[in-house]
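Single-structure report; data block below.
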Amino acid sequence: MKHLKYKFIRFLIFMMLWVILGQMIYLFIQPKFTKPNEYFAICAERLVKDDRPLPLYPIKDYQANPSEFRLCKIPITHSTESGVARLELYQNADQSYLLKTWTDSMSDPAEYHYKIVNNNIEPIAWRHGSMLAKVMAYFYGLAIGTIIYKLVKRLYFKKNS
């Protein structure tokens with residue numbers, strides 16, 4: 001274990017410890033899917049063109065007049081010209097859809113999970129805040145990793161002195 005006397009090797013070990021701890025903490029604090037509410041969004045295009053940069057509408061607009069919309073039924077990726085906002089639509093094996101949207105905020109990505117049955121939307125669940133959860137997980141991982149690293153370093157060098 002004479003390699004641990006080199007600062008660069010110890011730094012690499014600390015960085016690996018930090019990443020591993022951050023990933024483990026994120027598994028426990030990642031946002032859970034919740035019941036749909038009035039902010040639930042779907043991917044659809046209006047038959048009468050409007051000025052929206054993304055084909056993204058609240059479900060209550062669609063439910064008010066479904067004949068005005070054409071639902072996105074194939075996986076797509078769409079972004080604004082500036083690249084600030086974007087969406088991705090995935091189709092799952094169970095014929096449900098997962099819509100992910102990014103709007104350049106810490107609550108990104110917002111994920112909407114729904115099914116289309118006979119041109120009717122059945123919202124399943126949604127979640128947001130994954131990016132903030134990941135930042136907090138790595139922050140906690142840094143703090144815990146620093147404590148563990150200092151303890152192991154002190155014990156290692158005390159034992160070998």
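The values are calculated or read from the model by the stated rules, or taken from the named source; none is laboratory data. Everything quoted here is computed from the prediction, not taken from an experiment. Note: ideal-geometry Cβ built from the backbone for every residue, glycine included; neighbour counts use all protein chains shown. These area figures cover heavy atoms from the full protein model, side chains too; ligands, DNA and RNA do not enter into them. Shrake-Rupley method; radii C 1.70, N 1.55, O 1.52, S 1.80 Å.
Annotations for the structure displayed:
- Residue that is at pLDDT below 85, out of contact with any Cys (no Cβ under 7 Å at 6 or more places or on another chain) and within 25 Å of Ala137 (Cβ to Cβ), where the choices are Asp104, Asp51: Asp104
- Contact annotation: residue pairs with Cβ atoms under 9 Å, 6 or more positions apart or on different chains, pairing a residue in the range 15-36 that is of a type in the set (Phe, Trp, Tyr) with a partner that is open to solvent by 70 Å² or more (accessible area, probe 1.4 Å) and at pLDDT 90 or above, are Trp18/Ile144; Tyr26/Lys134; Phe33/Ile124.
- The range 49-89 - residue that is assigned to a strand (DSSP E or B) and open to solvent by 90 Å² or more (accessible area, probe 1.4 Å) and, of those, farthest from Asn119 (Cα to Cα): Thr77
- Check on Ala93, free of Cβ contacts under 8 Å to residues at least 60 places away in the same chain, farther than 30 Å from Gly22 by Cα and among the small types (Gly, Ala, Ser): yes
- Under the condition of being more than 19 Å from Phe28 (Cα to Cα), open to solvent by 70 Å² or more (accessible area, probe 1.4 Å) and modelled with pLDDT of 90 or more, the residues counted in the range 123-150 number 2.
- Residue count for the range 108-122, restricted to those that are among the acidic types (Asp, Glu) and either surrounded by 14 or more Cβ atoms within 10 Å (Cβ to Cβ) or out of contact with any strand residue (DSSP E or B) (no Cβ under 9 Å at 6 or more places or on another chain) (or both): 2.
- Reported count of residues in the range 25-48, each being assigned to a loop (DSSP other than H, G, I, E, B) and at pLDDT 85 or above, is 8.
A quick yes/no check of all residues on (1) farther than 30 Å from Ile76 by Cα; (2) under 23 Å from the mean Cα position of the chain (by Cα); (3) not aromatic (Phe, Trp, Tyr):
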residue	(1), (2), (3)
Leu99	no, yes, yes
Thr103	no, yes, yes
Tyr112	no, yes, no
Ala133	no, yes, yes
Leu155	yes, no, yes
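- Exactly one residue among Ala85, Ala64, Ala41 is in contact (Cβ under 8 Å) with a residue 60 or more places away in the chain and farther than 30 Å from Leu142 by Cβ, and that residue is Ala41.
- Pick from the range 92-104, criterion touching a Leu at 6+ places or on another chain (Cβ under 8 Å) and of a type in the set (S, T, N, Q), ranking: least open to solvent (accessible area, probe 1.4 Å): Thr101
- Scanning the range 7-48 for residues that are exposed (fewer than 11 other Cβ atoms within 10 Å of the Cβ), under 20 Å from the mean Cα position of the chain (by Cα) and among the aromatic types (Phe, Trp, Tyr) turns up just one, Phe28.
- Some residue of the range 95-110 being in a strand (DSSP E or B), over 30 Å from Phe8 (Cα atoms) and out of contact with any Phe, Trp or Tyr (no Cβ under 9 Å at 6 or more places or on another chain): yes
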